[in-house]
Amino acid sequence: MPASYAYLGPEGTFTEVALRTLPEAATRELIPYVSVQSALDAVRTGDAEAAFVPIENSVEGGITTTLDELVAGEPLMIYREVLLSITFALLVRPGTKLSDIKTVSAHPAAQPQVRNWLKKNLPDVHWESAASNADAARLVQEGQYDAAFAGEFAAARYGLTALETGIHDAENAQTRFVLVGRPARPAAPTGADKTSVVLWQRDDHPGALRDLLGEFATRGINLMLLQSRPTGAGIGNYCFCIDAEGHISDRRVAEALMGLKRICLQVRFLGSYPRADIKPGEARPTLPGTSDEEFVAAADWVARCQDGRF
């Protein structure tokens with residue numbers, strides 16, 4: 001396949017900044033796409049080796065556009081994740097004052113992160129969503145809107161001025177980005193990994209979600225993300241996007257996935273990959289009875305019992 005990475009563009013997005021932190025990005029052609037969907041479709045069609053897209057932020061939770069694209073369509077797999085601290089600048093055409101601003105634009109995920117700032121400083125402004133924060137800056141450059149919330153680094157790219165900087169409602173806000181490719185063998189475990197899956201229930205009944213979560217809980221697996229997404233099959237029909245600590249090669253994770261495969265209508269494996277929030281050696285210790293060694297010892301004991309050697 002082409003040695004290229006697709007990403008949510010245009011140039012000057014937070015996505016591009018996060019992508020360039022990956023060492024392998026220096027050896028790939030980085031191609032901006034107008035939407036998350038088009039970037040992921042480039043991987044599905046073979047036009048790109050991988051796509052780099054936002055999937056979660058610490059203020060609003062999961063990026064539903066990305067989650068829905070991974071839930072539906074031809075399967076894809078997550079290989080890497082990157083965390084990027086996010087703070088916004090208010091970008092305007094040179095000479096624009098705060099009192100001149102009547103319209104402002106940004107990606108929908110930006111709005112919850114600047115809502116209080118807007119209420120305090122621009123209470124009567126009209127908000128318009130854009131495909132990305134950099135695209136909002138481009139639209140300001142073209143005169144369609146008065147201001148855009150984007151990274152300060154995008155100002156020079158689009159000939160704009162940062163009227164205000166350091167804008168954020170929540171301290172230490174972060175966005176998580178993922179590198180997504182076609183399904184293949186996951187990378188070897190590092191000891192600080194994450195496994196992502198999508199689960200569909202067989203039917204809706206009391207305790208159905210508890211049954212799914214119980215497969216993780218009984219094996220001492222901590223969940224890092226649990227988000228429901230509508231299946232499109234009618235009101236009340238949902239699938240569940242889950243991030244769990246551990247790697248599919250870990251016995252406890254593999255057994256949990258086998259248990260889920262037995263009780264779920266469908267399980268989609270989205271990958272096991274290194275965590276960006278901690279380094280190998282910093283992961284929480286496994287609970288008693290959930291280490292690989294203890295799983296192996298228990299299986300050996302059952303085998304001895306079956307052979308009459310207990």
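The values are calculated or read from the model by the stated rules, or taken from the named source; none is laboratory data. Since the structure is predicted, the reported quantities are computational estimates derived from the model, not experimental observations. Ideal geometry is used to build each Cβ from the backbone, glycine not excepted, and the neighbour counts take in all protein chains shown. Ligands, DNA and RNA are excluded from the accessible area calculation, which covers all protein heavy atoms including side chains. Shrake-Rupley method; radii C 1.70, N 1.55, O 1.52, S 1.80 Å.
For this structure, a couple of remarks:
- Of the solvent-accessible surface of the chain, computed with a 1.4 Å probe and all protein chains present, 52% belongs to carbon and sulfur.
- Length, then width, then depth: along the principal axes, the Cα atoms of segment 87-146 run 26, 26, 19 Å.
- Inverse of mean 1/r across different Cα pairs in segment 94-251, Kirkwood, Å: 19.5
- Over segment 112-163: Rg over Rh, Cα atoms, Kirkwood Rh: 0.95
- Residue-wise HN-Hα coupling along segment 186-198, computed from phi with Karplus coefficients 6.51, -1.76, 1.60 (Hz; x: Gly, Pro): x, 4, 4, x, 9, x, 9, 10, 9, 10, 10, 9, 10
- Annotation: extensible slack from residue 29 through residue 188 equals 54.7 nm (criterion: 0.36 nm per residue apart, minus Cα-Cα distance).
- Each 10 Å bin from 0 upward holds the following percent of the Cα-Cα pairs of segment 186-309: 12, 40, 30, 15, 3, 0.
- The residue 303 and residue 213 beta-carbon pair, evaluated with R₀ = 41 Å, returns a calculated FRET efficiency of approximately 0.85.
- FRET efficiency estimate (nearest 0.05) - Cβ-Cβ, residue 85 to residue 310, R0 51 angstrom: 0.35
- With helices as the sole contributors, the chain gives -8000 deg cm²/dmol at 222 nm; each DSSP H run of n ≥ 4 counts as -39500 (n - 2.57), and the sum is divided by every residue.
- The spacing between segment 43-86 and segment 205-233, judged by their C-alpha centroids, is 21 Å.
- Note on the chain: GNM, Cα springs under 10 Å; of 252, 28, 176, the largest mean-square fluctuation is that of 28.
- Principal axis extents of the Cα atoms in the chain, from largest to smallest and rounded to whole angstrom, are 86, 46, 36.
- Cross-link reach list, lysines versus residue 279, counting only Cα pairs under 27 Å and skipping chain neighbours closer than eight places: 194
- For the options 104, 296, 178, a Gaussian network treatment of the chain with springs between C-alpha atoms closer than 10 Å singles out 296 as fluctuating the most.
- Extension gain, residue 233 to residue 144, is 28.2 nm, computed as 0.36 nm per intervening residue step minus the present C-alpha separation.
- Around the amide H of residue 145, modelled in the peptide plane, lie the amide H atoms of 140, all under 5 Å away and 5 or more residues distant in sequence or on another chain.
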